[in-house]
Amino acid sequence: MVASFLILRWIDPKEYGIWQSLLIINSYIIIIQSGIINGLNRELPYVMGKDDQVSIMELAGSAQGFAFLIAGLLAITAAVVPFFIDDKRIAWTVVIIVLCAALSVVRQYLASTYRAGRAFDVLAKINLFEAAISIITVSLVYYFGYVGLVGRLFVLTVSGVIVAYIWRPLKVTTRFQMKPLIKLLKVGMPIFSFGYLFGVAGTFPKLILLNYSGPELVGLFAPALALTAMYQMLPNVIAQYIYPHMSFQLGKSGDDALSIWPTAWKSAFGAVLAGIPFMIVGFFLIDPIISNFFPKYAKAIPATYWCLAAGIFLGPRIAVNALFSLKAWKWAAIYTTIYVVSNFLFPWLGFLNNTNSLVGVSAGICLSYFVIFLGAMFCIYKATHKVGGKRQVA
């Protein structure tokens, strides 16, 4: 995140707005994954909990083959992009984004095997390596500006995939067995659909600003987005460990839904408590930091305060994985509906009812996160305390 703030210092808001606008492509291109990797995220730790070695090899090998296939198709797509976009800078930016999306499919498969195999010590080392590369490659932005920003994404993605592949905990034979793939698809498609909607909904605030005000305002929104990303770091890191742990625990406990409720609510409220000190410190630092180090983004200071408050409600993004571990599709659908509607409705209403567009959208984000927090905890509670199928309530 230090790197993100340094980039804001060196990139003009309009150019950064173009970059952020093009990155929205990622939220839509991932549909090609079809849910296979999502299915692996749930099924692999589950069968490991049951110590089913045959299923482990079949699921991991088939998912690996699928990941390589999708990466190849995306690479071919990237190769033809320059023929369809006249603006060369935009064209090559899109090429890099699509190539990185291709490599990210492989990276996501590898990350799933680390988490399922509970190789958290190695995963932590990889995360530290990627953090170091993230800081080092900031120099590309300093020396080359926008071109360095695009190149930095490519370097980060390639280096992350190489290291994750070398240290991978499951060295399986690539295969294309239909039965394991169909199983992963059946489980993963609902999870992927929900996750895809989460990703699309997350772009709504930027799309509102882009549609009504252009890329420059999206660029000015960068400090608020960077702050939100800082808040997401803790939930995202914890989720890497909590999600497979819940699926593993479910398999080990004989599908006792109630067994994962303590992990779910503690992770959600723990993230809230951890965020409060950060919010208090940020309240005093935002204005002087942006004013002195990022003066081009000074107009975003009031909006950044709203996102500072919004961030403490991101805790359920860890806990909501309980719904996927349980395959509680009904409650996952209800939560997703709340998430998608809130992410569009409140920022849009804020935009319409505030003369300062950035403040209006940010205030809407804050309200939407609070509503999503309440909705998530309600859905998780109902899913873990309901008797159904093999689920048991103590």
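Each reported figure results from applying straightforward, stated rules to the coordinates on display, with no laboratory input. Predicted model, so just to flag it, every value in this text is computed and none were measured. Note: ideal-geometry Cβ built from the backbone for every residue, glycine included; neighbour counts use all protein chains shown.
Details
- Rounded to the nearest 20, the Cβ-based charge dipole of segment 25-187 about its Cα centre (Lys and Arg +1, Asp and Glu -1) stands at 240 debye.
- 0 to 90° range, to nearest 10: angle between helix 146-166 axis and the chain longest Cα axis: 20
- Answer label, with volume of the Cα convex hull per residue in Å³ calculated from the coordinates and candidates (1) 207; (2) 162; (3) 131: (3)
- Rounded to the nearest Hz, the phi-derived 3J(HN,Hα) couplings of segment 169-180 under the Karplus curve 6.51 cos²θ - 1.76 cosθ + 1.60 (θ = phi - 60°) are x, 10, 9, 10, 7, 5, 8, 10, 8, 5, 4, x, where x marks glycine and proline.
- Think of it as helices only: each DSSP H run of n ≥ 4 in the chain is worth -39500 (n - 2.57), and spread over all residues that comes to -27000 deg cm²/dmol at 222 nm.
- Each residue in Thr137, Thr355, Thr113 was given a count of other beta-carbon atoms within 10 angstrom of its own, and listing them fewest first yields Thr355, Thr137, Thr113.
- Each residue of segment 195-209 was assigned a 3J(HN,Hα) from its phi angle through the Karplus curve 6.51 cos²θ - 1.76 cosθ + 1.60 (θ = phi - 60°); the sequence is x, 4, 5, 4, x, 5, 4, x, 8, 4, x, 5, 5, 4, 5 Hz, with glycine and proline shown as x.
- Computed about the Cα centre, the dipole magnitude for the chain is approximately 820 debye when only Lys and Arg (+1) and Asp and Glu (-1) carry charge, each at its Cβ.
- Cβ-to-Cβ counts within 10 Å put Lys179, Lys50, Lys299, Lys327 in ascending order as Lys179, Lys50, Lys299, Lys327, the fewest first.
- Note: relative contact order over the chain, using C-alpha pairs below 8 Å and six or more positions apart, is 22 percent.
- As a length-normalised measure over Cα pairs under 8 Å and 6 or more apart, the relative contact order of segment 171-306 settles at 26 percent.
- Mean Cβ count within 10 Å, highest first, over the residues of peptides 62-75, 161-174: 62-75, 161-174
- Our coupling estimate for segment 99-109, obtained by passing each phi through the Karplus curve with A = 6.51, B = -1.76, C = 1.60 and θ = phi - 60°, is 4, 5, 5, 4, 5, 5, 4, 5, 4, 5, 4 Hz, Gly and Pro reported as x.
- Given Lys125/Lys183; Lys206/Lys296; Lys171/Lys206; Lys125/Lys179; Lys179/Lys382; Lys125/Lys252, the pairs whose alpha carbons are separated by over 30 Å: Lys125/Lys183; Lys171/Lys206; Lys125/Lys179; Lys179/Lys382
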